[in-house]
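J.: Let me give you the structure first, and then I'll get to my questions.
The values are calculated or read from the model by the stated rules, or taken from the named source; none is laboratory data. Quantities reported herein were computed from a predicted structural model and do not represent experimental measurements. Because the Cβ atoms are built from the backbone with ideal geometry, glycine has one as well, and the counts that use them run over all protein chains shown.
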Amino acid sequence: MKEIIVVSACLCGIRSRYDGKSKYVEDIMKLVDNGEAIPLCPEMLGGLPVPRPKATIMDGRVVNEHGEDVTEAFKRGAERFVCIVEKLGVKRVIMKDGSPSCGVKYTNKNWKKIEGSGITTSLLKERIKDIKIDFIP
């Protein structure tokens, strides 16, 4: 039996990004089509709509472009994402880099792209020590 991978939903064409678009990557979609990957969006799992205002990490909180604090939605989505990964015994995820949720090498802090992990990626690293986290820029 093949090992299942969890992938950021936007990478397989699901319009889950804040702007209502995706970041389609054909190779990621092939994994989903072959039953090797499951798409998930932590921001949608947290109850945020599509489209939604852009968000950034500020002073340990997540704030959208209208100044609204959306930290709890980001944390709830991260928790649900990690719970699914744990329950499925997933050992590898592929995240969309640069977001305040899924950022692996880079995230969005104070409206700037900086080195660091997003909310979901940080929780994955904290809770699942042997997880392999790949990313698509």
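J.: Between LYS23, LYS96, LYS30, which is at pLDDT 95 or above, within 18 Å of ILE136 (Cα to Cα) and surrounded by fewer than 16 Cβ atoms within 10 Å (Cβ to Cβ)?
T.: Details: LYS23 fails: surrounded by fewer than 16 Cβ atoms within 10 Å (Cβ to Cβ); LYS96 fails: surrounded by fewer than 16 Cβ atoms within 10 Å (Cβ to Cβ).
When all the criteria are applied, what remains is LYS30.
J.: Still on this structure, please answer the following. Return the pair list, or none, for Cβ contacts closer than 9 Å from residues in segment 28-42 that are more than 19 Å from GLY89 (Cα to Cα) to residues that are surrounded by fewer than 18 Cβ atoms within 10 Å (Cβ to Cβ), at least 6 apart or on different chains.
T.: Within 9 Å, the pairs are ILE28/GLY13; MET29/GLY13; LYS30/GLU36.
J.: Determine whether LEU88 is of a type outside the set (Ser, Thr, Tyr), out of contact with any Lys or Arg (no Cβ under 9 Å at 6 or more places or on another chain), buried (at least 21 other Cβ atoms within 10 Å of the Cβ) and in contact (Cβ under 8 Å) with a residue 12 or more places away in the chain.
T.: Taking the combined requirement at face value, the residue does not satisfy it.
J.: Among VAL50, VAL6, which is the only one that is part of a strand (DSSP E or B), of a type in the set (A, V, I, L, M) and at pLDDT 95 or above? Lay out the reasoning, then the answer.
T.: Numbers: VAL50 fails: part of a strand (DSSP E or B).
Only one candidate qualifies: VAL6.
J.: Out of (1) touching an Asp or Glu at 6+ places or on another chain (Cβ under 7 Å); (2) in contact (Cβ under 8 Å) with a residue 12 or more places away in the chain; (3) surrounded by fewer than 23 Cβ atoms within 10 Å (Cβ to Cβ), the odd one out for ARG61 is which?
T.: With (1) touching an Asp or Glu at 6+ places or on another chain (Cβ under 7 Å); (2) in contact (Cβ under 8 Å) with a residue 12 or more places away in the chain; (3) surrounded by fewer than 23 Cβ atoms within 10 Å (Cβ to Cβ) applied to ARG61, the lone miss is (2).
J.: In segment 73-118, which strands (runs of 3 or more DSSP E) lie fully inside it and hold 2 or more residues that are among the polar types (S, T, N, Q)?
T.: In segment 73-118, 106-109 are the strands (runs of 3 or more DSSP E) which contain 2 or more residues that are among the polar types (S, T, N, Q).
J.: Shifting gears a bit: Being charged (D, E, K, R) and touching a Ser or Thr at 6+ places or on another chain (Cβ under 9 Å) is the filter here; which residues of segment 9-67 pass it?
T.: Those that are charged (D, E, K, R) and touching a Ser or Thr at 6+ places or on another chain (Cβ under 9 Å): ARG15, ARG17, LYS23, GLU43, ARG61, GLU65.
J.: OK, next. Being on the phi < 0 side of the Ramachandran plot, among the β-branched types (Val, Ile, Thr) and in contact with a Gly (Cβ under 8 Å, 6 or more places away or on another chain) is true for just one of VAL25, VAL50, VAL63. Which residue is that?
T.: Result: VAL50 is the single residue among VAL25, VAL50, VAL63 that is on the phi < 0 side of the Ramachandran plot, among the β-branched types (Val, Ile, Thr) and in contact with a Gly (Cβ under 8 Å, 6 or more places away or on another chain).
J.: Within the group LYS75, LYS96, which residue is touching a residue at least 40 places away in the same chain (Cβ under 8 Å), touching a Cys at 6+ places or on another chain (Cβ under 6 Å) and under 20 Å from CYS10 (Cβ atoms)?
T.: LYS96
J.: For segment 123-132, which positions are surrounded by fewer than 18 Cβ atoms within 10 Å (Cβ to Cβ) and touching a residue at least 40 places away in the same chain (Cβ under 8 Å)?
T.: Here is the first cut: in segment 123-132, the residues surrounded by fewer than 18 Cβ atoms within 10 Å (Cβ to Cβ) are 125-132.
Those that are surrounded by fewer than 18 Cβ atoms within 10 Å (Cβ to Cβ) and touching a residue at least 40 places away in the same chain (Cβ under 8 Å): ARG127, ILE128, ILE131, LYS132.
J.: Ok, one more. Can you find a residue that is closer than 20 Å to ILE114 by Cα and assigned to a loop (DSSP other than H, G, I, E, B) anywhere in segment 25-43?
T.: No - not one qualifying residue is present in segment 25-43.
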